[in-house]
Amino acid sequence: MTEIQLAGSGGWVNAELTDEQVAKSKLVPNVDKHFLASLEKLDTSIMIKHFCKECNSEFEGPTKIQIEEAPNEDVADGLVLIERGQYTCHKCNSIIGEYRVFQKKE
């Protein structure tokens, strides 16, 4: 497990990631920046701290998570969006980042 800072549109989250998650979080090869949106929903137990740009505050521990379930929305041939949500700030409820959970059709 490696501690990585993951950028979101409204801040960042530091989390302990597996090597596979670290590789997936890099949208651009050879650029040392990692992104929340490129990963599916993170388990709150691996979140170490987070920062909100809106209220300019850093917090120990996980963000809040607001889940917006997607009603099995087809997004590509053989791929279904089953959940979407946001990582939100404890203080001002601003969105720090977003996630999507997909499932392959059988």
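We did not get these values from a lab; they are worked out from the coordinates using the rules stated. Computed from a predicted structure; not experimentally measured.
General remarks:
- Stretch gain in nm, segment residue 80-residue 64, where the contour uses 0.36 nm per residue and the Cα spacing is subtracted: 3.3 nm
- Here the Karplus curve 6.51 cos²θ - 1.76 cosθ + 1.60, taken at θ = phi - 60°, turns the phi angles of region 11-24 into couplings of x, 8, 10, 9, 9, 8, 10, 6, 4, 5, 5, 4, 4, 5 Hz, with x standing for Gly and Pro.
- For the chain, diffusion coefficient by Stokes-Einstein and Kirkwood Rh (Cα), 20 °C, 1.002 mPa s, µm²/s: 151 µm²/s
- Legend: distances between Cα atoms for 53/104; 33/53; 49/105; pairs beyond 27 Å are 53/104; 49/105.
- Computed [θ] at 222 nm, helices only, for the chain once each DSSP H run of length n ≥ 4 contributes -39500 (n - 2.57): -1500 deg cm²/dmol
- Calculated from backbone phi, Karplus (6.51, -1.76, 1.60) coupling profile of region 73-82 in Hz, x at Gly/Pro: 7, 5, 10, 7, 4, x, 10, 10, 7, 9
- Share of pairwise Cα separations in region 1-56, more than 18 Å, in percent: 25 percent
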